[in-house]
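S.K.: Below is the structure I would like to discuss, written out as structure tokens.
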Amino acid sequence: MEFLSAFDDEAWNHLEDGWELREHSDRTEQLEQRKKEVAAIEAKWISKANDAKRESELMRLENSWPETYDRPRSWRGWWLNE
């Protein structure tokens with residue numbers, strides 16, 4: 001999961017508005033959900049004989065995760081205002 005950067009995005013009005021605390025909370029929640037999803041796939045396809053299927057399912061899962069700016073958030077990002 002990539003990090004946001006108001007500095008890299010030149011969102012100067014947001015450098016000190018506290019968005020990082022909200023982003024951290026959202027990231028933590030999403031990372032925990034992703035860990036659960038990965039664990040479920042690994043538990044389902046635990047056998048060595050299922051390595052290819054497990055890897056395929058993990059790839060499908062990872063590809064379903066939204067990009068940095070598209071992840072759901074509890075706050076409105078600066079890139080949506082511009």
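The values are calculated or read from the model by the stated rules, or taken from the named source; none is laboratory data. Just so you know, these numbers come straight off a predicted model, no measurement behind them. Cβ sites come from the backbone with ideal geometry, for glycine too, and all protein chains shown count toward neighbours.
S.K.: Failed condition for E29, given (1) at pLDDT 95 or above; (2) farther than 14 Å from W75 by Cβ; (3) not aromatic (F, W, Y), with all others met?
M.R.: (2)
S.K.: Out of the residues in region 46-82 meeting the condition of being polar (S, T, N, Q) and surrounded by 13 or more Cβ atoms within 10 Å (Cβ to Cβ), tell me which one is nearest to A11 (Cα to Cα).
M.R.: S56
S.K.: Also, quick follow-up: Just to be sure before I move on: is L4 at pLDDT below 95, under 13 Å from the mean Cα position of the chain (by Cα) and surrounded by 10 or more Cβ atoms within 10 Å (Cβ to Cβ) in the structure I sent?
M.R.: yes
S.K.: A further question follows. What pairs can you find where one residue is in region 13-39 and closer than 21 Å to L58 by Cβ, the other is charged (D, E, K, R), and their Cβ atoms are less than 8 Å apart, with a gap of 6+ or different chains?
M.R.: Final answer for the pair search is Q30/R71.
S.K.: When you scan region 14-36, do you find a residue that is aromatic (F, W, Y), out of contact with any Phe, Trp or Tyr (no Cβ under 8 Å at 6 or more places or on another chain) and surrounded by 10 or more Cβ atoms within 10 Å (Cβ to Cβ), even just one?
M.R.: no
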